[in-house]
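Have a look at the structure below, then the notes.
The values are calculated or read from the model by the stated rules, or taken from the named source; none is laboratory data. None of these values were measured; they are calculated from a predicted model. All Cβ positions, even for glycine, are placed from backbone atoms using ideal geometry, and neighbour counts span all protein chains on display.
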Ligand SMILES: *[C@@H]1O[C@H](CO)[C@@H](O)[C@H](O)[C@H]1NC(C)=O
């Protein structure tokens, strides 16, 4: 009798934990109960609400002097609210890097349109996955993992289109969030097992 009860409890615990795991796996933008979302102050919309022209200026323009990300996410394009998709156009002059960062709410699907690109991400066991992409290649950065892109080509620029499974994927820049905020120097020094002078030097480079 007692063993029956305890095996029931084990089964129940297993069922609950698999449910929790399932919920975590599904975490993303929440579903909407309407076809689309319009701001409360807007009485009605037409096709122009669903059109974003903010990337036109990039077509045929000269490449930027340093790495540049131009977003078409919910902030720039309100019609994406509730649609769980967004884009970023990424431009890499030769030798430039998109510094190590994560997107807390989405995977990133990068399509390299021109040039070559060194890409990499680190999984939660600290294993690194790197690749040299050729023009036309597609690479996926799994959701939430630390990653980067680097154009190692000495002469040619590169550019890419990245799609996200969230209207607001969010970006946490590791250098910026760790060394360009108000985390006290002594905490950073202890965290990185170094001295305060080294932390100050890193901070000065980002300020
Ligand atoms: C560091 O933070 C300041 C203030 O928020 C910002 O202007 C600057 O761009 C940041 N540095 C980098 C490298 O992003």
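For the reader, a short list of remarks on this structure follows.
- Looking only at segment 148-180, and only at residues there that are in contact with a strand residue (DSSP E or B) (Cβ under 6 Å, 6 or more places away or on another chain) and part of a helix (DSSP H, G or I), the one that is farthest from the ligand (Cβ to nearest atom): 174
- Where a residue in segment 47-68 is over 30 Å from residue 95 (Cβ atoms) and its partner, wherever it lies, is assigned to a loop (DSSP other than H, G, I, E, B), with Cβ under 6 Å and at least six apart: 52/77
- Exactly one residue among 127, 190 is outside the structural domain of residue 31 (by TED's automatic domain parsing) and either over 24 Å from residue 52 (Cα atoms) or within 16 Å of the ligand (Cβ to nearest atom) (or both), and that residue is 190.
- Exactly one residue out of 183, 199 is in contact with a helix residue (DSSP H, G or I) (Cβ under 8 Å, 6 or more places away or on another chain), within 16 Å of the ligand (Cβ to nearest atom) and over 23 Å from residue 85 (Cβ atoms), and it is 199.
- Residue 135 falls short of the stated requirement of being at negative phi, exposed (fewer than 14 other Cβ atoms within 10 Å of the Cβ) and either in a strand (DSSP E or B) or in the same structural domain as residue 73 (by TED's automatic domain parsing) (or both).
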